[in-house]
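Asks: I have a structure I would like to understand better, so I am pasting it below and will then ask my questions one at a time.
The values are calculated or read from the model by the stated rules, or taken from the named source; none is laboratory data. Everything numeric here is computed off the predicted structure, so don't read it as measured data. With ideal geometry, Cβ positions are generated from the backbone for all residues, glycine too; neighbour counts draw on all protein chains shown. Only protein heavy atoms, including side chains, enter the accessible area calculation; ligands, DNA and RNA are left aside. Shrake-Rupley method; radii C 1.70, N 1.55, O 1.52, S 1.80 Å.
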Amino acid sequence: VTVHLGVCRGGFKTLLDSGLFLPESWSHDRERCRAADIPDSVVSRSKWKIGLELLDPSRTNGLQFDTLIFDEYYGGKPDFLKGLDEREQPFLAEVPKSFRVLMKRPRGPRPKKGWTGKRTDNLAKFSAAWHQQPWQSVPLARLTLADQVWDVRAAQVHLVRDRTDWLAG
């Protein structure tokens, strides 16, 4: 399995870099890796860590990304989102419906067990703050499908790990 960093500008699309994801079971079986021509320097690490590792050289080489867009695997990894924040990289992420956020920034000392937050699917269904947000139409140009228009609304949320983001649905 590989992790890719790509760019899309209008109709132009290209891959900029990729990294090999190696499962732990393979990483511990170096004989199997050698048989598959996988260098000893390639070891198991999370896909989201590989993603950050791919981003850094591109940025060092002068590439600036307006917005990174990724699926719920990456959107569900708070440390990945934190890494993007540390790099001041804007993004648009799909998050798992079970992802937990807070509608208000916590005040006071952090509880011993931390803040649990609310599931994003429950906020979208039941939160008054969410339902007060207006719907907005967003056109989506597609290359392989007919163009679409999505109706979305967004509200500022705070991740349980002291971050502020926007939740759209």
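Asks: For region 16-62 and region 96-162, what is the separation of their Cα centres, given in Å?
Replies: Cα centres, region 16-62 to region 96-162: 32 Å.
Asks: Continuing with this model, one more query. Using Cα-Cα distances under 8 Å and only pairs 6 or more residues apart, what relative contact order does region 65-121 have, in percent?
Replies: 35
Asks: How much of the accessible area of the chain, in percent, comes from carbon and sulfur atoms when a 1.4 Å probe is used?
Replies: That fraction is 52 percent.
Asks: While we're here: Given the protein chains as shown and a 1.4 Å probe, how many square angstrom of Val3 are accessible, to the nearest 10?
Replies: Near enough 10 Å² of accessible area.
Asks: Leaving out ligands and nucleic acids, and using a 1.4 Å probe, what accessible area per residue does the chain come to in Å²?
Replies: 69
Asks: For Leu159, which sequence-distant residues (separation of 5 or more, or a different chain) have an amide H within less than 5 Å of its own amide H, given hydrogens modelled in the peptide plane?
Replies: Leu102, Thr164, Asp165
Asks: Suppose a student asked you for the relative contact order of region 55-169, using Cα pairs under 8 Å spaced at least 6 residues apart; what percent would you report?
Replies: In percent, rounded to a whole number, it is 20.
Asks: Computed from the coordinates I sent, P(r) over Cα pairs in 10 Å bins from 0, in percent equals one of (i) 8, 28, 31, 23, 9, 1; (ii) 10, 40, 34, 14, 1; (iii) 11, 41, 37, 11, 0. Tell me the label.
Replies: (i)
Asks: Among 31-41, 11-21, how do they line up from the highest to the lowest mean number of other beta-carbon atoms within 10 Å?
Replies: Highest mean packing first, the order is 11-21, 31-41.
Asks: Next up: With every protein chain present, what accessible area does Asp79 have (1.4 Å probe, heavy atoms only), rounded to the nearest 10 Å²?
Replies: Looks like 70 Å² after rounding.
Asks: Angle between the Cα long axis of helix 47-60 and the longest principal axis of the chain, 0 to 90 degrees, nearest 10?
Replies: With rounding to tens, the tilt is 80 degrees.
Asks: So what's the back-of-envelope 222 nm ellipticity for the chain, counting only DSSP H runs of four-plus at -39500 (n - 2.57) apiece and dividing by all residues, rounded to 500?
Replies: Taking each H run of at least 4 residues, the total per residue is -7000 deg cm²/dmol.
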